[in-house]
1. Kindly check whether there is at least one residue in the stretch 648-663 that is among the polar types (S, T, N, Q), open to solvent by 30 Å² or more (accessible area, probe 1.4 Å) and not in a loop (DSSP other than H, G, I, E, B).
2. Just give me the residues in the stretch 508-526 being open to solvent by 10 Å² or more (accessible area, probe 1.4 Å) and either modelled with pLDDT under 90 or closer than 21 Å to Gln105 by Cβ (or both), in sequence order.
3. If I filter the stretch 36-75 down to residues being within 15 Å of Leu645 (Cβ to Cβ) and either at pLDDT 85 or above or aromatic (Phe, Trp, Tyr) (or both), which single residue comes out as surrounded by the fewest Cβ atoms within 10 Å (Cβ to Cβ)?
4. For the condition open to solvent by less than 30 Å² (accessible area, probe 1.4 Å), in contact with a helix residue (DSSP H, G or I) (Cβ under 8 Å, 6 or more places away or on another chain) and at positive phi, what is the one hit in Ala531, Ala543?
5. Would you say Ala536 is surrounded by 24 or more Cβ atoms within 10 Å (Cβ to Cβ) and hydrophobic (A, V, I, L, M, F, W, C)?
6. Residues of the stretch 132-181 being in contact (Cβ under 8 Å) with a residue 12 or more places away in the chain and of a type in the set (Asp, Glu), which ones?
7. Could you list, in sequence order, the residues of the stretch 592-634 that are among the aliphatic types (A, V, I, L, M), farther than 18 Å from Gly333 by Cα, open to solvent by less than 20 Å² (accessible area, probe 1.4 Å) and in contact (Cβ under 8 Å) with a residue 40 or more places away in the chain?
8. Just to be sure before I move on: is Leu285 buried (at least 17 other Cβ atoms within 10 Å of the Cβ), in contact with a Phe, Trp or Tyr (Cβ under 6 Å, 6 or more places away or on another chain) and aliphatic (A, V, I, L, M) in the structure I sent?
Amino acid sequence: MEMGTERGKETEISEPLLGRSQKIGDEFEVVERIPPWREQITARGLIVSALLGGLFCIITHKLNLTVGIIPSLNVAAGLLGFFFIKSWTGFLSGLGLWVSPFTRQENTVIQTCVVACYGLAFSGGFGSYLIAMDRRTYELIGEDNPGNRVEDIKNPSLGWMIGFMCVVSFLGLLSLVPLRKVMILDYKLTYPSGTATALLINSFHTNTGAELAKKQVRCLGKYLGLSFFWSCFKWFFSGNGGSCGFDNFPSLGLLAYKNTFYFDFSPTYIGCGLICPHIVNCSVLFGAIISWGLLWPFISKHAGYWYPEDLGSNDFKGLYGYKVFIAISLILGDGAYNLIKILVITSKEMFFQMSKQGQIPLAHKFQDAEAFKLAREERRRNETFLKDKIPAWFAASGYVVLAAISIATIPSIFPPLKWYLVLGSYVVAPALAFCNSYGTGLTDWSLASTYGKLGLFIFASCVGSKGGVIAGLAACGVMMSIVSTAADLMQDFKTGYLTFSSPRSMFLSQLVGTAMGCVIAPLTFWLFWNAFEIGAPDGPYKAPYAVIFREMAILGVEGFSALPKYCLGISSGFFVAAVIINLLRDVLPTKVSRFIPIPMAMGIPFYIGAYFAIDMFLGTVILYIWERINKKDAEVYAGALASGLICGDGIWTIPSAILSIFKINPPICMSFGPAGSS
């Protein structure tokens, strides 16, 4: 980039972007220079992306292995990317060295790369289908459970996990590249998260935005530090396993604690409550009250009648079976309804767009200066978006080549999933990726896990009892990876469109971020796997979805014969209830429907417990009061505060894991019991 002299820090952001002057009416306006796509991808940007990608992978793993709720970290990625690069350029400038200016396009590329990297920590199945294959999950379900065969075990290994990620993660990026113009320009899909991230990045790269960004970063840094040191402080009292420390503090009484109702002082879950919408947090708490407050105590009273009394806490023929299958029913009911809904909306919108193609748009003869400026800006965005084309032949041939490699490789990793089954999944995957990407553009709701579960059931039943569990779980991974990365790519294309970023730089940053994720996501998971007891029902990392996904695969192969009494009937009732609740949310007026809970969020505490719902609800109460006192400050700083709480707790995971690997245990076990007990 050309930059002759430096004229002070207050103009450092905008000055290098100044291009030509253009006359509008009687005034001249400076038009921002858009750097070519090669200048948008920088070495410093890639280094920052790798660091943030590793941090966000750790955070995602922690959430995946505890509660399974992953808040959007796009805003935090954009904010931290801005902070690190501005700090670096400011440091070098202070030494008198020349540095190339930091543009909104480079900021967008960093954000895209980070999202692509940590996205694989979710779609890679490290908290769901992948560890559903391991021995611990097999033992939790029970060796005597029909369909749960010892042959269907594949323990995590760094080599095959990285190999599997590499052969499945890139196809989603290539599946919809030819449709980017249709999705972004022709259909003008909103992609709410992508739009919000773009507006945030655009605001940073102005003088006023830079000042606001500095305040947000200070807020994030302050609460990151507090969260980190609080997590460190808690560690000293957490003992060596068992129910020790602040994570098991009976803050609502011992009886409530017995039913998992307690506040566990977790900065991560409070941060999630600050980020997630109020209705999500309230839905989680509502689900906890229904399950742990009412349903499980009611079913427990029928022990000896509905199921044998002397069963272990993790036996599927007892209360544990009700917990898992009712949670599955709620999640599947919500997913099935939204899948059908989005397919219907997609079909209607496509028909509407096709019917408009023959119409002649109305031209306004007179436009005021503001309208002319907006129209000119949109025209520049369109030109930028269409300028650096990604050839359709490149995407198509790349998809075919990668699919061929994958078809040859996956059966060697998962022998029950034959090559022709992998081929079949790659034939239908682009259509499902389009549906998911279109639905995400309309509703901001990605149903990647629902498409994955659909593939799980189909392929498990196709293979049958001999290997169907492993085949179904592996096919779930193939489907989830493709539809998830395709939706993320379109979301980021929308962000790039609004920040004048080249689609070629966006696509390359997605490729680089995905390549990073293929290595970083398994490595960071391996840290958890070696340091903690992943999947232990009484441990901090219960991996709740591992059991759920394995049970789904067994159901696809064997059916429902081993369930306890009335379990199937109650589960079917909750499936229907999830559909009805969603229907009510759609047909009732907004002033009523906004108070109706979300079944997907309700189902999570059914299996995990109520403690994290207390934390998340506290986060939503803090945000609600903050909005009532000062709504503007809440809108500006809530995301930064939440990101700081989540990041600080996530960073502490690294030294905590290292201490655990070296067998250094906390010195104190703080526990509680009834008064007078010894």
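1. Here is the first cut: in the stretch 648-663, the ones among the polar types (S, T, N, Q) are 653, 656, 660.
Now narrow it down to the ones that are open to solvent by 30 Å² or more (accessible area, probe 1.4 Å): 660.
Restricting the remaining residues to those that are not in a loop (DSSP other than H, G, I, E, B) gives 660.
Yes, the stretch 648-663 contains a residue that is among the polar types (S, T, N, Q), open to solvent by 30 Å² or more (accessible area, probe 1.4 Å) and not in a loop (DSSP other than H, G, I, E, B).
2. Within the stretch 508-526, Leu508, Leu511, Val512, Ala515, Met516 qualify.
3. Lys62
4. Selected residue: Ala543, the only one of Ala531, Ala543 that is open to solvent by less than 30 Å² (accessible area, probe 1.4 Å), in contact with a helix residue (DSSP H, G or I) (Cβ under 8 Å, 6 or more places away or on another chain) and at positive phi.
5. Numbers: surrounded by 24 or more Cβ atoms within 10 Å (Cβ to Cβ): no; hydrophobic (A, V, I, L, M, F, W, C): yes.
Criteria not met by Ala536.
6. So the first thing to find is which residues in the stretch 132-181 are in contact (Cβ under 8 Å) with a residue 12 or more places away in the chain, and the list is 132-138, 140-142, 145-156, 158, 160-181.
Those that are in contact (Cβ under 8 Å) with a residue 12 or more places away in the chain and of a type in the set (Asp, Glu): Asp134, Glu151, Asp152.
7. From the stretch 592-634, those among the aliphatic types (A, V, I, L, M) are 592, 596, 598, 600-602, 604, 608, 610, 613-614, 616, 618, 621-623, 625, 629, 634; that's our starting set.
Filter once more, keeping what is farther than 18 Å from Gly333 by Cα: 592, 608, 610, 613-614, 616, 618, 621-623, 625, 629, 634.
Among the residues that remain, those that are also open to solvent by less than 20 Å² (accessible area, probe 1.4 Å) are: 608, 610, 613, 616, 623, 634.
Matches in the stretch 592-634: Ile608, Ala610, Ala613, Met616, Leu623.
8. Numbers: buried (at least 17 other Cβ atoms within 10 Å of the Cβ): yes; in contact with a Phe, Trp or Tyr (Cβ under 6 Å, 6 or more places away or on another chain): yes; aliphatic (A, V, I, L, M): yes.
Considered against the rule, which asks whether it is buried (at least 17 other Cβ atoms within 10 Å of the Cβ), in contact with a Phe, Trp or Tyr (Cβ under 6 Å, 6 or more places away or on another chain) and aliphatic (A, V, I, L, M), Leu285 comes out as yes.
The values are calculated or read from the model by the stated rules, or taken from the named source; none is laboratory data. Being a predicted model, the structure only gives us computed values, none of them experimental. Reconstructed Cβ throughout: ideal geometry from the backbone, glycine too, with neighbour counts over all protein chains shown. The accessibility values were calculated without ligands, DNA or RNA, using every heavy atom of the protein model including side chains. Shrake-Rupley method; radii C 1.70, N 1.55, O 1.52, S 1.80 Å.
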